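Below you'll find the structure, written out as structure tokens, and then a few comments.
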Amino acid sequence: MDLLKAIKTRRSIRLFKSTNIPDDLINSVIDAARRAPSANNIQPWEFIIVKDKRVKELLAKTHAWSSFIHDAPVCIVVLGNEEMSPSFFVVDAACATENLLLAAHGLGLGACWVAVYDPYNPISERYVRDVLNVPSHLRVIAMVPIGYPDEKAEPRNLRELNQILHFDKY
């Protein structure tokens, strides 16, 4: 799929077919994620691939917006290494997550960003950390359920370019 088309047509998918995803496709989306830019090329990300039904059921209980995770064939949990990059681990992991989302869409898969990291309210992160036994130097940034889409997501309302664009100065 053309890159700009992928960017323009990617949508958050929350309904998935029960069809398993081949490991080579999962590896492809992780490979795309690891190619994201990072501050000083530190690459402070790691990923947990969750296929186990019971673990996905637990992750679906993280917060009000994670309930559909249990229906996805795979959930990829994105971690940021705070020790490697104390200032930029969140931004770097977010870049990796966007690459992952675009790669999934380009491969015909559906996915959705489920935010976990919240520096002001760490309850969700602590919950996922406990479920997955995440070491303390890694922060849980997001969960990305992935599967073959079982819904057609509607186009998003976007702010107009003239509302967000500024030239030379604000």
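The values are calculated or read from the model by the stated rules, or taken from the named source; none is laboratory data. None of the values given here were measured: they were computed from a predicted structure. Ideal geometry is used to build each Cβ from the backbone, glycine not excepted, and the neighbour counts take in all protein chains shown. Please note that ligands, DNA and RNA were not included when accessible areas were found on the heavy atoms of the full protein model with its side chains. Shrake-Rupley method; radii C 1.70, N 1.55, O 1.52, S 1.80 Å.
Results for (1) in a strand (DSSP E or B); (2) surrounded by fewer than 18 Cβ atoms within 10 Å (Cβ to Cβ); (3) without any contact (Cβ under 8 Å) to a residue 40 or more places away in the chain, shown as yes or no for each residue.
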{"site": "120", "(1), (2), (3)": "no, yes, yes"}
{"site": "144", "(1), (2), (3)": "yes, no, no"}
{"site": "156", "(1), (2), (3)": "no, yes, no"}
{"site": "162", "(1), (2), (3)": "no, yes, yes"}
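Of 84, 143, all but one fail to be among the hydrophobic types (A, V, I, L, M, F, W, C) and more than 28 Å from residue 7 (Cα to Cα); the exception is 84.
For residue 131, all conditions in the list (1) in contact (Cβ under 8 Å) with a residue 60 or more places away in the chain; (2) within 24 Å of residue 28 (Cβ to Cβ); (3) open to solvent by 10 Å² or more (accessible area, probe 1.4 Å) hold save one; what is the number of the exception? Only one criterion in (1) in contact (Cβ under 8 Å) with a residue 60 or more places away in the chain; (2) within 24 Å of residue 28 (Cβ to Cβ); (3) open to solvent by 10 Å² or more (accessible area, probe 1.4 Å) is unmet by residue 131, namely (2). Applying the condition of being among the aliphatic types (A, V, I, L, M) and in a loop (DSSP other than H, G, I, E, B) to region 91-118 and asking which residue is nearest to residue 5 (Cα to Cα) yields 107.
A residue that is more than 25 Å from residue 42 (Cβ to Cβ) and among the polar types (S, T, N, Q) cannot be found anywhere in region 128-138.
The helices (runs of 4 or more DSSP H) found entirely in region 1-90 that carry 3 or more residues being under 29 Å from residue 158 (Cα atoms) are 3-9, 23-34.
Looking at this structure, is residue 12 open to solvent by less than 60 Å² (accessible area, probe 1.4 Å) and touching a helix residue (DSSP H, G or I) at 6+ places or on another chain (Cβ under 7 Å)? No.
Identify all residues within region 104-118 that are within 14 Å of residue 76 (Cα to Cα) and open to solvent by 20 Å² or more (accessible area, probe 1.4 Å); write none if there are none.
Scanning region 104-118 gives 113, 115.
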